[in-house]
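Beneath this line is the structure, given in structure tokens, with notes to follow.
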Amino acid sequence: MNVTLISTYDLGHQPFGLASLAAWLGDEGAGVTCNDTAVSPLAEDAVRASELICIHLAMHTATRLALELLPRIRALNGSAHICFFGLYGPPNADILGDFAPCSIIGGEFEADITSLYRRLADADNRKIEAVMVSMDKLAHRTPDRSGLPGLDQYASLKIGPETRIVGYTEASRGCKHLCRHCPVVPIYGGRFRTVPVDVVLADIRSQVAKGAQHISFGDPDFFNGPGHAERVIDAFHAEFPEITFDATIKIEHLLSQQHRLAWLRDSGCLFVTTAVEATDDHILEILDKGHSRADFILAADLAREAGLVLSPTFVPFTPWTSLTGYRDLLQLVLELGLTEQVAPIQLVIRLLVPAGSLLLDHPDLHWASFAPEKLSHPWHNPDPAVDTLQRTLAAEVESAEAQGLSRAEIFARLWRLTHEALGDAAAPINLDASGPEIPQMSEPWYCCAEPTELQRARL
């Protein structure tokens, strides 16, 4: 039976979800086509010939793009069973159900989709459960990346004039924490699952053989299981001492595991992404981030002392953001010397409240009804000037990046426009970029951002 696996966007990485599922279905004898529409046109012939089409909904951006693509898929093949899988599947079951016949699978998806494949192939046993979320521990298999575009088609790592080909893998899934705005939480509910070290190493090994010079670990938090992370990195560094990597680690784990920061550096870690989200303690409390403004400052200091580049991410625009609060965020980024380490997109993100978000259960918060076209509950800041500033800055970032401006130049523009919104003259700032080259991904987009016009144009 033919199967087409589709990803619409995976943060500029070769999609792990497709590669992992391809290995499982390939072992069943399925005729698998992997189609990443972020870099390739829709595989229309494969779609027409498939009895099962699996679409990975790993994040907000990918889901929005998939919803724009689905009418074309159904026009090409109206009878194929569509399986939506990933974090954004189960919370959006009502919308996705319009594309029946379909099923929706979240959590540890590979075994359930393999079971679905078997039932579809069995004419006498085609009973399909509509929505499933599994936390069963899997016997993980090495992802099969043979049907995907080469790594050189995806985002690269830039260090000054040097460019490195980037691979991607996952050493764990889910997260132990319950941050109220996070899309991982409604599916995993504070649980996480590790991937065996030998499977992670086999996946890295296959990508290095295909040219990878740097590996991004996509775990929601690499230090959810610090002992497991240490075993993975020790094995990785022993086999590939010349290959660098990056990982995502919570602020509170950077503090509790600070004794491991120098080890990360010595093992080849070029930078650590950390979800700061806000610098206002009240907003951090609402989001239940588990850290404070002071914790962020301390983590930045510890990373600097350890020789690690810290790459903070933010959700700077929320219903509780004020103009002065936003200026304060920029001021702190400036004071901590992080202007080159923060991707400009991170300074214009607007909070998304998806279906199933824990924010919806907060007793002191009230949200508008769900907007299917936006896949979120809309909101407006009490001060319209804040929403206006966000729109202005987001357009400025998209335009400036298209012009190839540096992070320092873009930050200076945001600094000026923010002060203008406040009716103040922008204080002069020193953005000396003469220090060490900061490693940067060529596509530092964000999983909870709205799709860009360029992304839509690729469909």
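Here are a few things to note about the model shown:
- Above-threshold pairs, the threshold being 27 Å between Cα atoms, out of Lys137/Lys210; Lys210/Lys250; Lys158/Lys250; Lys137/Lys374; Lys210/Lys374: Lys137/Lys210; Lys210/Lys250; Lys137/Lys374; Lys210/Lys374
- In the chain, helical runs assigned H by DSSP with n ≥ 4 each contribute -39500 (n - 2.57); averaged across all residues and rounded to the nearest 500, the mean residue ellipticity at 222 nm is -11000 deg cm²/dmol.
- The amide H of Glu277, built 1.01 Å from its N in the peptide plane, has Thr313, Phe314, Val315 as neighbours under 5 Å, considering only residues 5 or more places off or on other chains.
- Across the stretch 110-246, counting alpha-carbon atoms alone, Rg and Dmax equal 17.6, 60 Å.
- Whole-Å distance, taken between Cα centres, linking the stretch 7-76 and the stretch 307-350: 34 Å
- Two-decimal Rg/Rh across the stretch 311-453, once Rg and the Kirkwood Rh are taken from alpha-carbon atoms: 0.98
- Taking amide H as placed 1.01 Å from N in the peptide plane, the amide H of Ile82 sits under 5 Å from that of Ile53, Cys102, Ser103, each at least 5 places away or on another chain.
- Each residue of the stretch 60-72 was assigned a 3J(HN,Hα) from its phi angle through the Karplus curve 6.51 cos²θ - 1.76 cosθ + 1.60 (θ = phi - 60°); the sequence is 4, 4, 4, 5, 4, 5, 4, 5, 6, 7, 4, x, 5 Hz, with glycine and proline shown as x.
- Acute angle (nearest 10 degrees) that the helix 407-421 long axis makes with the longest principal axis of the chain, alpha-carbon atoms: 70 degrees
- Volume per residue that the Cα convex hull of the stretch 2-134 spans, once the total is divided by residue count, Å³: 93 Å³
- Cα-based convex hull volume of the stretch 221-296 per residue, rounded to whole Å³: 77 Å³
- For the stretch 205-218, the Karplus equation 6.51 cos²θ - 1.76 cosθ + 1.60, evaluated at θ = phi - 60°, returns couplings of 4, 5, 6, 4, 4, 9, x, 4, 10, 8, 10, 9, 8, x Hz by residue, with Gly and Pro reported as x.
- Taking every alpha-carbon pair within the chain, the share separated by more than 32 Å comes to 38 percent.
- Residue-by-residue Karplus 3J(HN,Hα) for the stretch 19-30, coefficients 6.51, -1.76, 1.60, Hz, glycine and proline x: 5, 5, 5, 4, 5, 5, 6, x, 5, 8, x, 5
- Within the chain: Cβ-based charge dipole about Cα centre, in debye rounded to nearest 20 (Lys, Arg +1; Asp, Glu -1): 640 debye
- Under 5 Å between amide hydrogens, built in the peptide plane, is the criterion, and for Leu405 it picks out nothing among residues at least 5 positions away or on other chains.
Every read-out reported here was derived from the displayed coordinates using simple, explicitly stated rules and does not represent laboratory data. Every value quoted in this text rests on a predicted model; they were computed, and no experiment measured them. Heads up, the Cβs are rebuilt from the backbone with ideal geometry, glycines too, and the neighbour counts pull from every protein chain shown.
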